[in-house]
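Structure in structure tokens, see below.
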Amino acid sequence: MPKTVAEVMSRDPIVVRPETPLKEAIQILAEKRISGLPVINDEGKLVGIISETDLMWQETGVTPPAYIMILDSVIYLQNPAKYERDLHKALGQTVGEVMSSDPVTISPDKSLREAAKLMHDREVRRLPVIDTEGKVIGILTRGDVVRAMAADD
């Protein structure tokens, strides 16, 4: 019988809030040796996720978009709005300023196969598991999927 997300997920994941200082979130990630944290609001509903990828902007900074000038007009060769978003992440001081909004999620009743396909297709390393009210009840990582596969052998 195929396993469900609920059978494999880590329950009661560590979560942070948008107002959590970025340094505190970084400390949690480092100490717990995890690569991402769900971000919840005061009602416990998922509002985003902060991952190592989001934090890379803090170290690497951002490069302004390429542009050309023609007759005193600036024509951007890349979307300047993306630069503004990246710059905001690089300068952010709280989780809410740096997190990725609208994370890919899954419900606990889905099969592990569906979860693995979703992770692969959307190129994510973790899926917050949410209930029908949008509250985080667990998290499923690629490592969880691999451990479940190993347990089947």
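The values are calculated or read from the model by the stated rules, or taken from the named source; none is laboratory data. None of the values given here were measured: they were computed from a predicted structure. Reconstructed Cβ throughout: ideal geometry from the backbone, glycine too, with neighbour counts over all protein chains shown. Heads up: the accessible areas ignore ligands, DNA and RNA and are worked out on the full protein's heavy atoms, side chains in. Shrake-Rupley method; radii C 1.70, N 1.55, O 1.52, S 1.80 Å.
Label-point separation (nm) for Glu31 and Asp12, each offset 7 Å from Cα along Cα-to-Cβ?
About 1.7 nm, to one decimal.
On a 1.4 Å probe surface of the protein chains, which of Lys117, Lys3 comes out largest in accessible area, and what is the full order?
Of Lys117, Lys3, the descending order of accessible area is Lys117, Lys3.
Got a sec? Which residues in the stretch 117-146 would a label at Ser107 touch, if it sits 7 Å along Cα→Cβ and we count backbone N under 11 Å?
130-134
Here is a follow-up. Want the number for Leu71 to Lys117: 0.36 nm per residue separation, take away the alpha-carbon distance, what's left?
Net length gain for the segment: 11.6 nm.
While we're looking at this one, here's another question. Take Asp42, Asp144 and sort them by solvent-accessible surface of the protein heavy atoms, 1.4 Å probe, largest at the top.
From most exposed to least exposed: Asp42, Asp144.
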